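Okay, structure first, notes after.
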Amino acid sequence: MKKIFTVLSISIIITGCGGGDNNDIYSDGFDRNALLINITDNIIIPAYNNFSSKTTELENTIDQFIAETNQNNLDLVQTKWLDAYMAWQHIEMFDINMAEEINFRKKMNSYPANGSRIELNVLSESYDFNDPNHYAAQGFPSLDYMINGLQNGITIYNGADGGKYLAYLKALISTINFNTNEVKNEWISNRDNFISSTENTATSSLNKLTNDFIFYYEKGFRANKIGIPAGVFSGSKLPQNIEAYYHNLSNNNTSKNLALEAFTAINKFFSGVHFNNSTEGSSLKEYLNYLNATDDGDTLSNVIIATINTAEAAINDLDDDLMNQINTDNYQLLVTYDKIQAAVPLLKVDMIGHLSIDIDYIDADGD
Amino acid sequence: MILSVKKYINAYTDSSPLVIFRIGFGLMMLFSIVRFWSKGWIEKIYIEPSFHFTYYGFEWVKPLGDKIYILFILCAISSALIAIGLKYKLAIITFFLSFTYIELLEKTIYLNHYYFICVLSFLLIFLPLNSSFSIDNLINNKKSNSVPRWTIDSIKLMLGIVYIYAGLAKINSDWLLQALPLKIWLPSKYDLPIIGETLMQENWVHFAMSWGGMLYDLLIPFLLLYKRTRTFAFLLVVFFHVFTRVLFPIGVFPYIMIISALIFFDAKFHKKIINILKKIINPISKRLSQINIQNVKFYSNKKIIWVLAIFFILQLTIPLRHLSYNGNIMWHEQGYRFSWRVMLMEKIGYTTFKILDNDKNQFFYVQNEEFLTSYQEKQMSFQPDFILEYAHFLGKHFKSKGFENIEVFAESYVSLNGRRSQMYIDPEINLLNIKDSFKNKYWILPLK
């Protein structure tokens, strides 16, 4: 009896130690808190502020275009649209919390735009932007269709159904601004919470940031911008699937510029460089260096940066018009894809391995 | 020799350890099924995926869709019946069959502890766990207060095999000389209270725990066997398993091992627990005690002894089959499963597949998330038999889509215990030409 009691009580005491649900800041010696503060205060929030000011400007020019529907004002909308799209490249990777909840990324940047769905929406004047079937009928690609893709654009806006087209344009931009404000405001109000979540669980801040960063690199960047148009997943090339397809038709360098801008964002995030200037703060790079992650004599972080730079250089070497590149010499795009791809195992296997990021969600006994 | 074997087979002992083991086993199984269900894992693992990884030789085990719930219900009911000892034989056979079928359905969730439960429940089919303190006694008006010694000893032997092979597997250079993978895992547990930022970060702790774990596994069966060290050993069992539970997501396994280890205590200890149980069910047991159940002698069945002899010979040899393959077993994983190799490696992989269409002379890459859940993809990416099975699935899939003349290549990078990631599968080999077998998988590139 006594024996059983001792055994039981010891078990309970030991089991009790497993809780750990208080709000202390934990670390493996590395200051995760400083990393989160740098990424949040110097990258994410400034990037969102910048982005939301660009989308507000875009809305203003659209309002102006609605008031005075002429080519001059449409040109202005096109310019502001591109500014906002460039700014978007800095936030797409942060698909966390509110952004994830409202499917922000999919609503903002699902391409190619679904032209026939857009036309239907315009004319029927009834649609639900929260319906996944309408993700490709809103956001930047749909604006691209509306302002750069309509043949005889200005005559349509001034035509019989012009009012409906203008109304849809307004609906698109006000939805973008509404969603953007929701996400931005949550980043600001939830900031303290976010930076103090330093434990190592599947839902803690750094784990989510890191997973989303890798997911973005693999999907939003590698696959969407280069892989899919080059036909990496389909066997045959799909040039109409490039980002900003319609704007690129007239300006020729839009898709490439957006991809290069995204590279800047990727580099800044990995090295912790501030959004507004070139000051470097705490980052995944610093974390890896702290953990002494090495790779054939060099540090893992250097190898990752070098690999990403090689990929960036490869994109730079492509024809300014990605569509032209695909149509004339797609092989170069496939080579570029391979160079982008080279960083994926480094991020997904080596970096994750060193950080020991906890993403398990079912039992495991380590085999 | 033969004489002493005969003498051993005919030796009898008190049956109460079997009773407590039966109740403990039944309740633990019931608990773990309810837990599995409540976490939504039935849906996630058995219903959601469109493709299931199966075991070599068991490809005929087919998913049941929503009917899988029937199997889980069957499993839960039989667990409860085992605990109370009602229709024990039928219950344990049902449990073994349903549980094993569930496990065979999806290889991605292979866990040594699930395999342990399959093996143990098979063994229990042949043991008289309902010989006393069971409902069966009331129904049959028969009980056996003493049972052959071998019945209890075979459970001890099974546990001993698990621990000793787990200990032997830890004798490798990564584990002992570099404290890997604990050196990777423990520092990442910095969010544990008190020890997280202190002990878990210390190099000596990583080594102490590696060596301690190895010695624990190798010695614990013996410490439990000897009466003098038994209580100490049991406290060690509790400490060890609860500690691993705190550190790692290993579910109910620690508790199963703790409950199982009670079998090493003598009959007196188990009788005390039975008395406590009797007091709990006092009102019923008072009435029951008035019923006079006949105490009959339990006879050993020779056939059963032969079955168990073969069973244990297999249990002793299966974990050694890796000896017939060259190279690092943690890298190529040939002979890795069913061998009590637990917590030995941190392995991460990234594997993509290239489909070459010879008719059109073009290629494309597969997006794994179209076919696999994220957990399946993670498991597939570093285990060669998964990679091969999936490659064949892709081959069949794309052939059915009209691609007649295709070849499938894997581009695979794997990192083992913190080493730099390396190419894992020969990227030049068309996996559709490879059939899975026990032959050496030459298409796995060697660990540098």
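The values are calculated or read from the model by the stated rules, or taken from the named source; none is laboratory data. The shown structure was predicted, so the numbers you read here are calculated from the model rather than taken from an experiment. All Cβ positions, even for glycine, are placed from backbone atoms using ideal geometry, and neighbour counts span all protein chains on display.
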Could you check, for the range B:325-340, whether at least one of its residues is assigned to a loop (DSSP other than H, G, I, E, B), without any contact (Cβ under 8 Å) to a residue 24 or more places away in the chain and under 29 Å from the mean Cα position of the chain (by Cα)?
-> yes
Is it the case that A:Asn152 is under 30 Å from A:Asp319 (Cβ atoms), more than 14 Å from chain B (Cβ to nearest Cβ), surrounded by fewer than 21 Cβ atoms within 10 Å (Cβ to Cβ) and not aromatic (Phe, Trp, Tyr)?
-> yes
So which helices (runs of 4 or more DSSP H) are wholly in the range B:64-143 and hold at least 2 residues that are closer than 30 Å to B:Asn292 by Cβ, among the polar types (S, T, N, Q) and out of contact with any Gly (no Cβ under 7 Å at 6 or more places or on another chain)?
-> B:135-140
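Would the range A:257-272 turn up any residue that is within 14 Å of chain B (Cβ to nearest Cβ) and either modelled with pLDDT of 95 or more or surrounded by fewer than 16 Cβ atoms within 10 Å (Cβ to Cβ) (or both)? Can you show your working first?
Start the filter on the range A:257-272 by keeping residues that are within 14 Å of chain B (Cβ to nearest Cβ), which leaves none.
No.
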Please tell me if B:Phe386 is crowded, with 21+ Cβ neighbours inside 10 Å and not small (Gly, Ala, Ser).
-> yes
Selection over the range B:178-224 where residues are facing another protein chain (nearest Cβ under 10 Å), touching a helix residue (DSSP H, G or I) at 6+ places or on another chain (Cβ under 6 Å) and surrounded by fewer than 19 Cβ atoms within 10 Å (Cβ to Cβ) yields a count of 1
Report the residue count in the range A:142-167 for those that are among the charged types (D, E, K, R) and either outside any loop (DSSP other than H, G, I, E, B) or in contact (Cβ under 8 Å) with a residue 40 or more places away in the chain (or both).
-> 2
Failed criterion for A:Gly227 (all others in (1) in contact with an Asp or Glu (Cβ under 8 Å, 6 or more places away or on another chain); (2) within 12 Å of chain B (Cβ to nearest Cβ); (3) closer than 21 Å to A:Leu347 by Cβ hold) | (1)
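What residue, of A:Leu284, A:Leu238, is touching a Gly at 6+ places or on another chain (Cβ under 8 Å), crowded, with 22+ Cβ neighbours inside 10 Å and more than 18 Å from A:Asp317 (Cα to Cα)?
Details: A:Leu238 fails: crowded, with 22+ Cβ neighbours inside 10 Å.
Sole residue among the options that is touching a Gly at 6+ places or on another chain (Cβ under 8 Å), crowded, with 22+ Cβ neighbours inside 10 Å and more than 18 Å from A:Asp317 (Cα to Cα): A:Leu284.
I'm trying to understand the selection: among the residues of the range A:306-318, which are without any contact (Cβ under 8 Å) to a residue 60 or more places away in the chain and away from chain B (no Cβ under 13 Å)? If you could, list the steps in order and put the result at the bottom.
Residues of the range A:306-318 without any contact (Cβ under 8 Å) to a residue 60 or more places away in the chain: A:306-314, A:316-317.
The answer is A:Ala306, A:Ile308, A:Asn309, A:Thr310, A:Ala311, A:Glu312, A:Ala313, A:Ala314, A:Asn316, A:Asp317.
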Please verify whether the range A:104-113 includes one or more residues that are modelled with pLDDT of 95 or more and surrounded by fewer than 18 Cβ atoms within 10 Å (Cβ to Cβ).
-> yes
Return yes when A:Tyr287 is within 14 Å of another protein chain (Cβ to nearest Cβ), hydroxyl-bearing (Ser, Thr, Tyr) and within 15 Å of A:Ile226 (Cβ to Cβ) and no when it is not.
-> no
Those residues of the range B:96-122 that are farther than 18 Å from B:Ile161 by Cβ, within 13 Å of another protein chain (Cβ to nearest Cβ) and not charged (D, E, K, R) come to a total of 3
Could you please let me know if B:Gly251 is surrounded by 19 or more Cβ atoms within 10 Å (Cβ to Cβ) and either within 12 Å of chain A (Cβ to nearest Cβ) or over 22 Å from the mean Cα position of the chain (by Cα) (or both)?
-> yes
B:Ile184 over 30 Å from B:Leu372 (Cβ atoms), of a type outside the set (Gly, Ala, Ser) and either assigned by TED's automatic domain parsing to the domain that holds B:Tyr336 or touching a residue at least 60 places away in the same chain (Cβ under 8 Å) (or both) | no
Any residue in the range B:48-62 that is in contact with a Pro (Cβ under 6 Å, 6 or more places away or on another chain), in contact (Cβ under 8 Å) with a residue 12 or more places away in the chain and part of a loop (DSSP other than H, G, I, E, B)?
-> yes
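Scan the range B:2-31 residue by residue and report those that are surrounded by fewer than 15 Cβ atoms within 10 Å (Cβ to Cβ), in contact with a helix residue (DSSP H, G or I) (Cβ under 8 Å, 6 or more places away or on another chain) and of a type in the set (Gly, Ala, Ser). Give the steps one after another, and end with the answer.
We begin by selecting, within the range B:2-31, every residue surrounded by fewer than 15 Cβ atoms within 10 Å (Cβ to Cβ); these are B:2-11.
Those left that are additionally in contact with a helix residue (DSSP H, G or I) (Cβ under 8 Å, 6 or more places away or on another chain): B:8-9, B:11.
The one that is surrounded by fewer than 15 Cβ atoms within 10 Å (Cβ to Cβ), in contact with a helix residue (DSSP H, G or I) (Cβ under 8 Å, 6 or more places away or on another chain) and of a type in the set (Gly, Ala, Ser): B:Ala11.
For the range A:37-55, check the following and say yes or no: at least one residue is without any contact (Cβ under 8 Å) to a residue 24 or more places away in the chain, out of contact with any strand residue (DSSP E or B) (no Cβ under 9 Å at 6 or more places or on another chain), β-branched (Val, Ile, Thr) and within 20 Å of A:Leu172 (Cβ to Cβ). Working first, answer last.
In the first step, residues of the range A:37-55 are kept if they are without any contact (Cβ under 8 Å) to a residue 24 or more places away in the chain; the result is A:53.
Subset that is out of contact with any strand residue (DSSP E or B) (no Cβ under 9 Å at 6 or more places or on another chain): A:53.
Among the residues that remain, those that are also β-branched (Val, Ile, Thr) are: none.
Among the residues of the range A:37-55, not one is without any contact (Cβ under 8 Å) to a residue 24 or more places away in the chain, out of contact with any strand residue (DSSP E or B) (no Cβ under 9 Å at 6 or more places or on another chain), β-branched (Val, Ile, Thr) and within 20 Å of A:Leu172 (Cβ to Cβ), which makes the answer no.
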Within the range B:79-132, the residues that are farther than 29 Å from B:Pro49 by Cα and among the hydroxyl-bearing types (Ser, Thr, Tyr) are B:Tyr88, B:Ser131, B:Ser132
Index of the failed condition, B:Tyr165 passing every other in (1) part of a helix (DSSP H, G or I); (2) within 14 Å of chain A (Cβ to nearest Cβ); (3) modelled with pLDDT under 95 = (3)
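Is there a residue in the range B:277-299 that is modelled with pLDDT under 95, within 14 Å of another protein chain (Cβ to nearest Cβ) and under 30 Å from the mean Cα position of the chain (by Cα)? Let's see the steps before the verdict.
Filtering the range B:277-299 for residues modelled with pLDDT under 95 gives B:277-299.
From what is left, the residues that are within 14 Å of another protein chain (Cβ to nearest Cβ) are B:277-280.
Now drop any that are not under 30 Å from the mean Cα position of the chain (by Cα), which leaves B:277.
Yes, there is a match, as at least one residue in the range B:277-299 is modelled with pLDDT under 95, within 14 Å of another protein chain (Cβ to nearest Cβ) and under 30 Å from the mean Cα position of the chain (by Cα).
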